[in-house]
Amino acid sequence: MSKHNIVKATFALLDDNGDLIKDATKGLSTDGIYVADHQGEGFSQINVSAIEAAGTPGWGNGQIKRTAYGKSMPTLALTALDLDFKINQMLKGFTQNANTGAWVRQLPKPHVAMIAESQSLDGDISIYECFNNIEFIEEASNNSTDTNSEADYSTALSGTVLAPLKSDIFLAANGVQQPYVIAKSTDTGFDLDKLMAETFGGYTTSTSSTTSDTTSGTTGQ
């Protein structure tokens, strides 16, 4: 089906076991998740590439008898409108220097989980694209001088989608694990709470009062 519009992007940091980090300092918030939808904040582009690649045909007797398919290797390209500064650094794995307060790149990268929500053309159906284990980079920082027009720079993040951290999530009907799932809100059996729990390392709405900020609610430029 056709879809349009970014409704929201929701993020979380997971530990090495794939469990949600529910901590306003070590994670993205006290309940673990961050919805990038505050004043002046949101995403203008969330593009997913390489979900699948064309297969390699196997020839026999002058005919294509089978096709071999490689692994799914999704990549992400995100463009943000005023993503909160601290959240941006944490998604990339930057840590804050105790002496200067500056943010500095640190490896290994954190495990980032994300759900991108879009909608059907009539707006009545939600589409959810889910990733359990992403590594993000911000390849460049571009600066231009203001003239009689303001010169803005939108944060651009690139993500590599890795295998899910737990072995029992994102499973196809045959039991094979995949790095990407997509869901439609009107499908039989759809359960948003279960989808969020699986994607976000055990997240439950019952233990959170709000889907939250780690800052005062303002966004950084």
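The values are calculated or read from the model by the stated rules, or taken from the named source; none is laboratory data. Please read these numbers as outputs of a predicted model, since none were measured by experiment. Because the Cβ atoms are built from the backbone with ideal geometry, glycine has one as well, and the counts that use them run over all protein chains shown. Calculation scope for accessible area: heavy atoms of the full protein, side chains included, ligands and nucleic acids excluded. Shrake-Rupley method; radii C 1.70, N 1.55, O 1.52, S 1.80 Å.
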ask   = Residue by residue, what Karplus-based ³J(HN,Hα) values in Hz, rounded to whole numbers, does region 107-120 have, using 6.51, -1.76 and 1.60 with θ = phi - 60° and x for Gly and Pro?
value = 10, x, 5, x, 8, 10, 9, 8, 10, 9, 10, 10, 9, 5
Within the accessible area of the chain (1.4 Å probe), percent carbon and sulfur = 47
query = What is the local net charge at SER185, summed over the other residues whose Cβ is closer than 12 Å to its Cβ (Lys, Arg +1; Asp, Glu -1)?
reply = -2
ask   = Is region 1-44 rounded, prolate or oblate when judged by the Cα gyration tensor, a ≥ b ≥ c being the square roots of its eigenvalues, rounded requiring a/c under 1.5 and prolate requiring a/b larger than b/c?
value = oblate
query = Which longest uninterrupted range of the chain lacks any trypsin sites (Lys or Arg not before Pro) assigned by DSSP to a loop state (not H, G, I, E or B) and surrounded by at most 12 other Cβ atoms within 10 Å?
reply = 72-221
ask   = Whole-Å semi-axes of the chain's equivalent ellipsoid, largest first, each the root of 5 times a Cα gyration tensor eigenvalue?
value = 32, 22, 19
key: Options VAL7, GLN119, CYS130, ranked by Cα towards positive dipole end of the chain, top entry (Cβ charges)   = CYS130
request  = Could you pull out the chymotrypsin sites (Phe, Trp or Tyr not before Pro) across region 153-203 that fall in loop regions by DSSP (anything but H, G, I, E, B) with no more than 11 other Cβ atoms inside 10 Å?
outcome  = TYR153
query = Got a sec to turn the phi values of region 195-205 into Karplus ³J(HN,Hα) couplings, 6.51 cos²θ - 1.76 cosθ + 1.60 with θ = phi - 60°, whole Hz, x for Gly and Pro?
reply = 5, 5, 4, 5, 6, 9, x, x, 4, 10, 5
key: Per-residue [θ]222 nm for the chain (sum of -39500 (n - 2.57) over DSSP H runs n ≥ 4, rounded to 500)   = -2000 deg cm²/dmol
ask   = What's the center-to-center distance, using Cα atoms, between region 115-155 and region 17-71 in Å?
value = 15
request  = About the Cα centre of the chain, how large is the charge dipole given +1 on each Lys and Arg Cβ and -1 on each Asp and Glu Cβ? Please answer in debye to the nearest 20.
outcome  = 860
key: Cross-link pairs LYS8/LYS194; LYS22/LYS109; LYS71/LYS92; LYS26/LYS71 - those with Cα-Cα distance over 22 Å   = LYS71/LYS92; LYS26/LYS71
key: Cα shape, region 1-120, gyration tensor, a/c 1.5 rule   = prolate
key: Student exercise, region 138-196 dipole from Lys, Arg, Asp, Glu Cβ charges, in Debye to nearest 20   = 420
ask   = Do any GluC sites (Glu not before Pro) in region 68-142 lie in a DSSP loop with no more than 11 other beta carbon atoms within 10 Å, and if so, which?
value = GLU139
Positive dipole terminus of the chain, leading residue within THR75, GLN63, GLY32 (C-beta point charges) = GLN63
Choice from ALA102, ALA163, ALA77 showing the highest fluctuation, given a GNM over the chain with Cα pairs closer than 10 Å = ALA102
